[in-house]
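Presented below is the structure to which this report refers.
Just so it is clear, none of the values below were taken in a lab; they were calculated from the coordinates. Predicted model, so just to flag it, every value in this text is computed and none were measured. When we count neighbours, we look across all protein chains shown, and the Cβ atoms used for this are built from the backbone with ideal geometry, even at glycine.
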């Protein structure tokens with residue numbers, strides 16, 4: 001891969017990434033988006049999930065969690081405006097596991113649609129955070145480093 005595009009990932013709290021990448025993958029309201037240099041222009045909401053991107057000069061993707069936001073795509077520039085964005089070392093695994101369990105229980109037990117909808121949204125946030133942690137662990141294990149801890 002030689003073609004690159006500029007990527008900026010920012011939240012209200014911080015700029016998390018700014019640099020050249022070969023690709024970006026994340027989830028919009030219409031489903032999974034794979035963005036490569038030369039992609040057509042697009043402005044779309046994004047949902048809670050994992051942002052995967054391949055920085056120039058690297059052979060493996062980096063991962064971030066985002067809680068939702070907006071995505072702007074131009075042929076050679078992508079901007080992710082995240083409501084909240086977390087690196088793997090900022091994710092509390094125990095809290096994410098607990099939130100996932102609590103949400104599953106509410107989805108099973110509640111008779112109220114509003115409770116189940118809110119629980120489903122929380123479930124998706126927790127699962128996305130856990131996916132980031134799992135991806136980082138797999139990457140470290142593949143590279144021969146300890147699978148304990150995060151980047």
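Take residue 59 and residue 118, extend 7 Å from each Cα along the Cα→Cβ direction, and tell me the distance between the two endpoints in nm.
Inter-label distance under the simple model: 4.8 nm.
Using only the Cα atoms of the chain, build the gyration tensor, take square roots of its eigenvalues as a ≥ b ≥ c, and label the shape rounded, prolate or oblate: rounded if a/c is under 1.5, else prolate if a/b is larger than b/c, else oblate.
It comes out oblate by the Cα gyration axes.
In whole percent, what relative contact order does the stretch 91-142 give with Cα contacts below 8 Å and a gap of six or more residues?
Computed value for the stretch 91-142: 43 percent relative contact order.
Each label point is 7 Å from the Cα along the Cα-to-Cβ direction; what then is the distance between the points at residue 83 and residue 29, in nm?
1.2 nm
As an exercise, use a Förster radius of 35 Å and the Cβ-Cβ distance of residue 6 and residue 94 to find the FRET efficiency, rounded to the nearest 0.05. Each step should come with its number before you reach the end.
Numbers: r = 36 Å, r/R0 = 1.03.
Efficiency for this residue pair is about 0.45.
How far apart, in nanometres, would the label points at residue 105 and residue 70 be if each is projected 7 angstrom from Cα along the Cα-to-Cβ direction?
In this crude label model, residue 105 to residue 70 measures out at 3.9 nm.
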